[in-house]
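Take a look at the structure set out below.
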Amino acid sequence: MAQYPWRMKFGVFMAPFHQLGDNPGLAIERDIRTIQWLDELRWDEAWVGEHHSAGWETIASPEVFIAHAAAVTRTIKLGTGVVSLPYHNPYHVAERMVLLDQLTRGRVMLGVGPGALPSDAYQFQLDPPRQRPQMDESLGVITALLAGEEVTHESDWIHLRGSRLQVPLYSEKLPIFVASTLSPAGPTIAGKHGAGLINVSTFMPAGLDLAKVWQLYSETCEANGHVADRRNWRLMLPIYIAETREEAWRDVSVKAFEFQKHYFDDTLGRTLEFPGKPEEFAQIMSMSGGAIIGTPDDAIEAIERIWELTGGFGGLLGLAHEWAPSEKMHRSYELFARWVAPRFQGTLDKLTVAQKWAADNREALNRNEVSAVVAAFNTLGTAAPEVVYGEATKG
């Protein structure tokens, strides 16, 4: 069994995506139940998004959602995935996260981004080319406030005078991550501020060259006096697990195709070019590396490939989709937690050593057991029954 230098984290990235026509209140309640189930299964993290338009992603405030989710879970860490910084005054972002950190006793993480939906930017009269520089500017203010500094900052959209947070963090340090899609802005801004990195477009072999993403991030960290730590690198892609590969493909293929078609193509205008049948979509996605869809063994092999491709990362996040009915989605999370995650978290190491030692020494151990049983009968002056090697000892 391969050894990994740290315990890999596993979680979900919950935009969330809900099909049009579904009751939005019930959909949000399902999201809460999903996080409760992940918490019961000892998943590490859940990241919750912020969106305000386009009809699919229905959580407007990840902080409000996290406050509720934290109250009905025990150990899972909860992150904003992500707060769109150009939408907010950075002081308010920092202050809300401190409150959540206190309420959850250290179970929250701050994930930030520039804002992904063009329709959000239109509503708020934001200039899309400025959103990434605005994220950079805002994150600088937030990190200073969280460090306990007094901040005076004047720009055309941020106005702070002698500002400092009045409540301290519960945690020694609040984990901060920057979302990265296709542009170099994510790794460079994360590296500039010493934040962690979440790649939300992890597709192989097409899409991002993850090794180059890490190189850019680490070089920017070094240039700004920070140490790039691979344990603070998260990768996100769709995951679905079933008992057989064919079952997994069959369960999610059509819904996965419909999601790509109706969300990316019909809603966002990002053309989907797929010449095959919808029933083939999941197989093509998984075979091309765009998703992990298959058995637990398939998932283990895929994660091992990603590890080799990247040189190592700290955590893997599954896209929180609803491409199969709730009971099957819950089963997928359970199979992953039982048979995949332990391979990368060191939880099987001592069990494996214990089993191997018992197996390697089974003959001597069985002889000792037989001798002990015979001795016990001898103390009673009774002849011991015949003991057949390999069978349970009688007596």
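Every number here is computed from the coordinates shown, using simple stated rules; none is lab data. Since the model is a prediction, treat every value here as computed from it, not as a measurement. Every residue, glycine as well, gets a Cβ built from its backbone with ideal geometry; the counts of neighbours run over all protein chains shown.
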Here the gain from full extension of residue 224 to residue 7, 0.36 nm per residue of separation minus their alpha-carbon distance, amounts to 75.4 nm
Net charge (Lys, Arg +1; Asp, Glu -1) of residues whose beta-carbon lies under 14 Å from that of residue 96, residue 96 excluded, is -4
In terms of the charge dipole of the chain, which places +1 on Lys and Arg and -1 on Asp and Glu at the beta carbon, the residue among 339, 128, 321 farthest towards the positive end is 339
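So how many Å³ per residue does the convex hull of the Cα atoms of the chain work out to? Display every interim value, and only then the final one.
Details: hull volume 74.4 nm³, N = 395.
Per-residue hull volume (Cα only) is 188 Å³.
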Here the gain from full extension of residue 105 to residue 261, 0.36 nm per residue of separation minus their alpha-carbon distance, amounts to 52.1 nm
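When a/c is below 1.5 the answer is rounded, else prolate if a/b is larger than b/c, else oblate, so apply that to the stretch 48-177 with a ≥ b ≥ c taken from the square roots of the Cα gyration tensor eigenvalues. Could the numbers behind the result be given before it?
Values: a/c = 2.33, a/b = 1.10, b/c = 2.11.
The shape class here is oblate.
When ranked by the protection proxy of mean other Cβ atoms within 10 Å per residue, highest first, what sequence do the peptides 27-38, 230-241 form? Don't skip to the end; give the middle numbers.
Values: 27-38: 17.8, 230-241: 23.7.
Top of the packing list down: 230-241, 27-38.
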Here the stretch 329-368 gives, from Cα atoms, an Rg and Dmax in Å of 15.3, 48
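For Cα pairs less than 8 Å apart in space and 6+ apart in sequence, what is the mean separation divided by the residue count of the chain, i.e. the relative contact order in percent? Walk me through the numbers before you get to the answer.
Numbers: 655 pairs, mean separation 63.8, N = 395.
Value for the chain: 16 percent.
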Here, residue 270 and residue 376, labelled 7 Å along Cα→Cβ, have an inter-label distance in nm of 6.7 nm
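If the viscosity is 1.567 mPa s and the temperature 4 °C, what Stokes-Einstein diffusion coefficient in µm²/s follows for the stretch 299-342 when Rh is the Kirkwood radius over Cα pairs?
On the way: Rh = 11.8 Å.
It diffuses with D of about 110 µm²/s by this estimate.
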Listed residues 335, 117, 85; largest mean-square fluctuation, Gaussian network over the chain with Cα springs below 10 Å, found at 117
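In the neighborhood of residue 114, defined by Cβ-to-Cβ distances under 12 Å, what is the net charge if each Lys or Arg adds +1 and each Asp or Glu adds -1?
Details: positive: 130, 132; negative: 50, 120, 127, 136, 137.
Result for the neighbourhood of residue 114: -3.
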Per the charge dipole of the stretch 128-205 (beta-carbon charges, Lys/Arg positive, Asp/Glu negative, Cα centre), the residue among 147, 167, 181 reaching farthest to the positive end is 181
CD proxy, 222 nm, the chain: helix-only mean residue ellipticity via -39,500 (n - 2.57) per DSSP H run with n ≥ 4, per residue, nearest 500, stands at -13500 deg cm²/dmol
Per DSSP, the loop-located GluC sites (Glu not before Pro) within the stretch 247-342 having at most 15 other beta carbons within 10 Å are 273
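Just to verify a number: FRET efficiency for residue 368 and residue 42, C-beta to C-beta distance, R0 = 45 Å, to 0.05? Spell out each step's value before the answer.
Values: r = 37 Å, r/R0 = 0.82.
Efficiency computed from Cβ-Cβ geometry: 0.75.
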With +1 at each Lys and Arg Cβ and -1 at each Asp and Glu Cβ, the charge dipole magnitude of the chain around its Cα centre, to the nearest 20 debye, comes out at 800 debye
Under 5 Å from the placed amide H of residue 48, counting only residues 5+ away or on other chains, we find 14, 79, 80, 81
